[in-house]
Amino acid sequence: MRVATGFSPVSAVLFDLDGTLIDSAPDLGAAADKMRVDRGLPSLPLSHYRHMSGAGARGLIGVAFGIAPEHQDFPALRDEFLNNYEQCMTERTFAFEGVSELIARLVAINLPWGVVTNKAARFAVPLTRAMPLFDSARTLVCGDTTPHTKPHPAPLLEAARQLNIAPAHCLYVGDDERDIVAGLAAGMGTVAAGYGYLGKAAQPSSWGAHALINSPAALLQLLDKA
């Protein structure tokens, strides 16, 4: 089915994963916080980690230890963080409120949907397989599916290729500026998810997206206007 909205006619909807469809901050934060506790440092509350959850190891290690990627200890800490996360990544992660209803609506109107994430397949594949929400997804493009990650458009173009749908007829939804940059570069309609892991200084209204939503239900309303 093709849905006519304020964008070009939409034949598929693509989503970022973390911070857009699922709230994985509790597991990501736990993986970083375990590193602190293992070193005898006091545990930090999830609120300290949440706003940096979209930045992956770089952001979470920065919160836990104040260490940037340029630090000599960062590679070892990153590997430890990723191993911790791999062990706990399905324990506390859940879909944001309204996402299940949104996906059910896409399926009901026969509008293909999929995921384009910078999360490596090592994590994205088992995580999505563990959640029934993703059973109807038509494509999953991970951070290592193509030679480039977002904000490069290559992952989005690969998703469109897999769906056999022109990029101009795809809509991409994400909670980070790099999602919008990638979507625009791919020639897609773009929607900024203002409910995700926005940093304290983030201004999604300035990202240049075609639309800004504050809940998954708002995207459903946008599509239902067709």
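Please treat every number below as a calculation from the coordinates, not as lab data. Predicted, not measured: the structure shown is a model, and the values here were computed from it. Neighbour counts are summed over all protein chains in view; Cβ atoms, including those assigned to glycine, are modelled from backbone coordinates with ideal geometry.
Quick notes on this one:
- Mean residue ellipticity at 222 nm, helices only, the chain: -12000 deg cm²/dmol; runs of at least 4 DSSP H residues each add -39,500 (n - 2.57), and the sum is divided by the number of residues.
- Neighbour-limited loop hits for chymotrypsin sites (Phe, Trp or Tyr not before Pro), the stretch 115-210 (at most 14 other Cβ within 10 Å; DSSP other than H, G, I, E, B): none
- Net charge of the neighbourhood of G143, taken over other residues with C-beta under 10 Å away and scored Lys/Arg +1, Asp/Glu -1, is +2.
- Within a Gaussian network of the chain (alpha carbon springs, distance under 10 Å), most fluctuating of D79, D33, D16: D79
- When the stretch 25-88 is reduced to its Cα atoms, the Kirkwood hydrodynamic radius in Å: 11.3
- In plain terms, the residue of F15, F74 with the fewest other Cβ atoms within 10 Å comes first and the most crowded comes last, giving F74, F15.
- GNM flexibility winner over the chain from R50, R78, R129 (Cα, springs under 10 Å): R129
- Projected onto their three principal axes, the Cα atoms of the chain cover extents of 56, 31, 29 Å, largest first.
- Spatial offset of the stretch 30-50 relative to the stretch 171-215 amounts to 29 Å, using the alpha carbon center of each.
- Listed residues D38, D179, D144, most fluctuating in the chain (Gaussian network, C-alpha, under 10 Å): D38
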